[in-house]
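The values are calculated or read from the model by the stated rules, or taken from the named source; none is laboratory data. Note that the structure is a prediction, hence the values are computed from the model and not measured. Methodologically, a virtual Cβ is constructed for each residue, glycine included, from the backbone with ideal geometry; neighbour enumeration extends over all protein chains shown.
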Amino acid sequence: MPELPELDALVEFLRPRLIGDFVTRVDIAELSLLKTVDPSIDALAGLEITEVDRRGKALILGFDGLALVCRFARMGWLNWHDTAPNSPIKMGKGPLGMRVSLASGAAFDLIEPGSKKNAAVSLVRDLSEVPAIASLGPDVLSTTVDELSAALAESTSRIKTVLEDQRIIAGLGNAYTDEILHTAKLSPFATAKTVDTRNLHTALHEVLDTARSSLIGLPPWKIKTAKKRGFSVHGRTGETCPVCGETIAEVSFADKSLQYCPGCQTGGKKLSDRRMDRLLK
Ligand SMILES: [Zn+2]
């Protein structure tokens, strides 16, 4: 799932290309993508794009009095075309969810490969009409140490779970929480309220600042590969930890997995991985 650093890079790419341009038409290829009916998506035709921004992990395009909220889910992303493709749009086939064509001749697509369609687009008069946006906690980049302490103070949940909860802190997902916890030398299973928040806050900024500076300036089609290159532990099960040389381990869940370094994060101990344990029995 695209997270804060990728979204910031996307926003930086889109801003100079979109602001001041006008939408000529919007084609919805995947009906489940569009979550709102009023105003109609066709209301965008003829409107000028006045704002390109990010809220949490969502891309926001602002128009005079309307906002288009694009949430990419795990597999979704944006394809940019300097010149809008001529090919006709096939409904409900392939990764294309929505194409927005512009007066300049350019276009962009919201795509979501795979059979699961969880990406979401909402056209609203006010962002508070989108529950996933209205319920966002403070943005992770602007969260102070005190705010982080307050957010974690009462929580007996695992730190990894809390950092991914958009209602507590907005912007992080599975990949960057793995990286932040590795940098902070914290077990993903540590109880949130026991965590040294100053250390976590420092790690959080270190990881996000590095990621943002490596991704901002890249076009959307290069961002995903560049993101993966920057990881120390995420997606690197079985590889060597660049910090301590230990082998990177993972814990798998029904639909995802997390990676960590036992040397840096858990005092050499392997975390329980029920799925792996079952396979080995
Ligand atoms: Zn390590």
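Can you give me the number of residues within segment 115-143 that are free of Cβ contacts under 8 Å to residues at least 12 places away in the same chain and either of a type in the set (Val, Ile, Thr) or not in a loop (DSSP other than H, G, I, E, B) (or both)? Explain how you work it out, then say what you get.
Looking only at segment 115-143, we keep the residues that are free of Cβ contacts under 8 Å to residues at least 12 places away in the same chain, and these are 115, 128, 131, 134, 142.
Okay, now just the ones that are also either of a type in the set (Val, Ile, Thr) or not in a loop (DSSP other than H, G, I, E, B) (or both), so 128, 131, 134, 142.
Residues in segment 115-143 being free of Cβ contacts under 8 Å to residues at least 12 places away in the same chain and either of a type in the set (Val, Ile, Thr) or not in a loop (DSSP other than H, G, I, E, B) (or both): 4 in total.
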Any pair with Cβ under 7 angstrom, 6 or more apart, that starts in segment 57-84 at a residue that is in contact (Cβ under 8 Å) with a residue 12 or more places away in the chain and in a loop (DSSP other than H, G, I, E, B) and ends at one that is buried (at least 19 other Cβ atoms within 10 Å of the Cβ) and acidic (Asp, Glu)
57/3; 73/112; 75/112; 76/112
Pick from segment 244-261 the residues that are outside any strand (DSSP E or B) and more than 26 Å from the chain's Cα centre (by Cα): which of them is farthest from the ligand (Cβ to nearest atom)?
245
Within segment 231-253, the count of residues that are in contact with an Asp or Glu (Cβ under 8 Å, 6 or more places away or on another chain) and at pLDDT below 95 comes to 1
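Tell me, please, whether a residue that is without any contact (Cβ under 8 Å) to a residue 40 or more places away in the chain and under 21 Å from the mean Cα position of the chain (by Cα) can be found in segment 97-107. I'd like the intermediate steps shown before the answer.
Initially, segment 97-107 is screened for residues without any contact (Cβ under 8 Å) to a residue 40 or more places away in the chain, giving 105, 107.
With the extra rule that they be under 21 Å from the mean Cα position of the chain (by Cα), the set shrinks to none.
No - not one qualifying residue is present in segment 97-107.
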What about residue 232, is it within 11 Å of the ligand (Cβ to nearest atom), touching a helix residue (DSSP H, G or I) at 6+ places or on another chain (Cβ under 6 Å) and among the polar types (S, T, N, Q)?
yes
Could you say which residue among 207, 243, 233, 251 is of a type in the set (A, V, I, L, M) and in contact with a His (Cβ under 6 Å, 6 or more places away or on another chain)?
233
Segment 264-275 residues that are closer than 11 Å to residue 252 by Cβ and not assigned by TED's automatic domain parsing to the domain that holds residue 189, paired with ones that are within 13 Å of the ligand (Cβ to nearest atom) and in a helix (DSSP H, G or I) (beta carbon under 7 Å, 6 or more apart)
none
Only one of (1) over 25 Å from residue 72 (Cβ atoms); (2) not in a loop (DSSP other than H, G, I, E, B) is not met by residue 154, so which one is it?
(2)
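Could you grab me the full set of residues in segment 262-274 that are of a type in the set (S, T, N, Q) and more than 13 Å from the ligand (Cβ to nearest atom)?
Just the residues of segment 262-274 that are of a type in the set (S, T, N, Q), to begin with: 265-266, 272.
The answer is 272, and nothing else.
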Residues that are closer than 29 Å to residue 17 by Cβ, within 16 Å of the ligand (Cβ to nearest atom) and touching a helix residue (DSSP H, G or I) at 6+ places or on another chain (Cβ under 7 Å): does segment 160-178 have at least one?
no
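In segment 198-241, what residues are part of a helix (DSSP H, G or I) and among the aliphatic types (A, V, I, L, M)? Walk me through how you get there before you give the answer.
Step one: of segment 198-241, the residues part of a helix (DSSP H, G or I) are 198-215, 220-229.
The answer is 200, 203, 204, 207, 208, 211, 215, 223, 226.
Restricting attention to segment 15-24, does a residue exist that is touching a residue at least 12 places away in the same chain (Cβ under 8 Å), over 23 Å from residue 222 (Cα atoms) and in a loop (DSSP other than H, G, I, E, B)? Step through it out loud before you land on a result.
First pass over segment 15-24, keeping only residues touching a residue at least 12 places away in the same chain (Cβ under 8 Å): 15, 17-24.
Applying the additional criterion that residues be over 23 Å from residue 222 (Cα atoms) yields 20-24.
Now restrict to residues that are in a loop (DSSP other than H, G, I, E, B): 20-21.
Within segment 15-24 (the criterion being touching a residue at least 12 places away in the same chain (Cβ under 8 Å), over 23 Å from residue 222 (Cα atoms) and in a loop (DSSP other than H, G, I, E, B)), the answer is yes, since at least one residue qualifies.
On the given criteria, is residue 182 more than 17 Å from the chain's Cα centre (by Cα), surrounded by 20 or more Cβ atoms within 10 Å (Cβ to Cβ) and over 21 Å from residue 11 (Cα atoms)?
Details: more than 17 Å from the chain's Cα centre (by Cα): yes; surrounded by 20 or more Cβ atoms within 10 Å (Cβ to Cβ): yes; over 21 Å from residue 11 (Cα atoms): yes.
Against the criterion (more than 17 Å from the chain's Cα centre (by Cα), surrounded by 20 or more Cβ atoms within 10 Å (Cβ to Cβ) and over 21 Å from residue 11 (Cα atoms)), residue 182 qualifies.
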